[in-house]
Amino acid sequence: MTIPNLDAMPADELMKFWGRYHRPRRKDALELIGGWRKGYISIVESLAAYACNKAVAMKLRADGEIERATICERCCDISYQKLPEDLRW
C-alpha cells in the first residue's frame, strides 16, 4: 500500500482513515508505510492526526469558521513536516 494523498480526500474518507489508523495495529501500520522503519507507529499516528485535522478544517471552513480552520490546517502542516520525505504526497 502507498500513502494516500490526504489532501485529495473528502472529509468522510479522512475520518475513516483516522478511525483505522489513530491507534494502529502493527500489521496495519507496517502495511500502510510499506514495511518496518524506526518510529513506524508514530508515523502512522501522525498521518491519522493529519487526516482528522484536515476533515475538521474542511467542516469549519464550510461553516465559515475560517480562523478556527486555519488552526487545524497549521496542525496538518506540523504533522506533514514530521513525515519522512519518502512518505509525503
At 7 Å along the Cα-to-beta-carbon direction for both residue 59 and residue 82, put a label point, then send me their distance in nm to one decimal.
2.1
Can you give me the relative contact order of the chain as a percent, contacts being Cα pairs under 8 Å and 6 or more apart?
33
Using 7 Å Cα-to-Cβ label points, what is the residue 13/residue 26 separation (nm, one decimal)?
3.1
Taking only the alpha-carbon positions of segment 10-87 as identical scatterers, the Debye log10 I(q)/I(0) at q = 0.20, 0.21 Å⁻¹ comes out as -0.82, -0.88
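Magnitude of the Cβ-charge dipole of segment 6-67, K/R +1 and D/E -1, about the Cα centre, nearest 20 debye? Spell out each step's value before the answer.
On the way: 11 positive and 9 negative charges, 99 e Å.
Dipole size: approximately 480 debye.
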Backbone HN-Hα couplings from phi across segment 9-22 [Karplus 6.51/-1.76/1.60, Hz, Gly and Pro as x]
9, x, 4, 5, 5, 4, 6, 5, 4, 4, x, 7, 10, 5
Show which lysines lie in cross-link reach of residue 82 when reach means a straight Cα distance below 16 angstrom and same-chain residues fewer than eight apart are skipped.
38, 54
Charges on Cβ only, +1 for Lys and Arg, -1 for Asp and Glu, centred on the Cα centroid of segment 1-78; of 78, 48, 33, which one is farthest towards the dipole's positive end?
33
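The numbers here are math on the coordinates, done by the rules we state, and not lab data. Everything numeric in this text was worked out from a predicted model, so none of it was measured. Every residue, glycine as well, gets a Cβ built from its backbone with ideal geometry; the counts of neighbours run over all protein chains shown.
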